[in-house]
Amino acid sequence: MTWYLLLIGLVAAERLAELATARRHRAWSLARGGREYGRGHYPAMVALHTALLVGCVVEPWAAGRPFLPALGWTALALALAAQVLRWWCIATLGPRWNTRVLVVPGLPLVAAGPYRWMRHPNYVAVVLEGFALPLVHTAWLTALCFTALNLLLLRVRIGCEDAALTDGGRLRAPASVPTAGSPS
């Protein structure tokens, strides 16, 4: 369990680095006339992501969950892949990436990196990590609860982002991603 606790500690440190990055990026966006949307759901998002890390520690310890190599190593590979995708998103968006929904007027949608293929690749990373990270040490209850609650929250969050981008008249799917009603 020591190695797993170290992993969760590293993920927690990474989250703190993300928050520091988001704070700098928020200042950058606001200095350019950026507008924030969806402040109401942000505390719930922070609470859910904090609960994920707590659950990852508490469930294996309290329930005596063992490390199952076939599950654990596969889940670790998926969690690491999620990190790679997340940081690819952050690098692609540059100062436009944030944990909050901020839109700077006049900036076009980003259509590079993973955004060439999907509209919300960062959320693919969040879903993948939220399911896989607890399973590294068989915390299946944490994985299921986080995934279910996160999907509900993502419906709100993605709706908020899409509305924010539509407010600026800029929401379009990447050229290679079919939209509803378009020929495949």
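We did not get these values from a lab; they are worked out from the coordinates using the rules stated. The structure displayed is predicted, hence computed values, not measured ones. For neighbour counting, all protein chains shown are included, and Cβ atoms are generated from backbone atoms with ideal geometry for every residue, glycine included.
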Student exercise, the chain dipole from Lys, Arg, Asp, Glu Cβ charges, in Debye to nearest 20
560 debye
What net charge do the residues around Arg86 carry, taking every other residue with its C-beta under 10 Å from that of Arg86, with Lys and Arg at +1 and Asp and Glu at -1?
-3
What helix-only [θ] at 222 nm does the chain give? Using -39500 (n - 2.57) per DSSP H run of at least 4, over all residues, to the nearest 500, the answer is -23000 deg cm²/dmol
Karplus ³J(HN,Hα) for the range 114-130 (6.51 cos²θ - 1.76 cosθ + 1.60, θ = phi - 60°; Hz, whole; x = Gly/Pro) runs x, 6, 5, 10, 8, 6, 10, x, 4, 6, 4, 4, 5, 5, 4, 5, x
Förster-model FRET efficiency, 25 Å R0, Arg35 and Ala112, C-beta, rounded to 0.05
0.60
When the convex hull of its Cα atoms is projected in every direction, mean area for the range 33-80 (nm²):
5.3 nm²
Cβ-based net charge around Val104, under 10 Å, with every Lys or Arg adding one and every Asp or Glu removing one
+3
For the range 5-54, what does the convex hull of the Cα positions come to per residue, in cubic angstrom?
57 Å³
Are there chymotrypsin sites (Phe, Trp or Tyr not before Pro) in the range 70-132 that DSSP puts in a loop and that have at most 13 other Cβ atoms within 10 Å, and which ones?
Trp117
Per residue of the range 36-42, what does 6.51 cos²θ - 1.76 cosθ + 1.60 with θ = phi - 60° give for ³J(HN,Hα)? Whole Hz please, x for Gly and Pro, Karplus curve as stated.
9, 10, x, 4, x, 8, 4
Using the beta-carbon distance between Trp140 and Ala91 and R0 = 41 Å, what value does 1/(1 + (r/R0)^6) give for FRET efficiency, to the nearest 0.05?
0.80
Quick one: net charge of Tyr42's neighbours, Cβ under 10 Å, K/R +1, D/E -1?
+2
Counting only Cα atoms, I'd like the Rg/Rh figure for the chain, Kirkwood definition for Rh.
1.00
Descending Cα extents along the principal axes, the range 60-111, whole Å
53, 22, 12
Rg followed by Dmax, in Å, when the range 1-93 is reduced to its Cα trace
16.5, 51
With θ set to phi - 60°, apply the Karplus curve 6.51 cos²θ - 1.76 cosθ + 1.60 along the range 46-53 and write out the HN-Hα couplings as whole Hz, x wherever there is a Gly or Pro.
4, 4, 5, 5, 5, 4, 4, 5
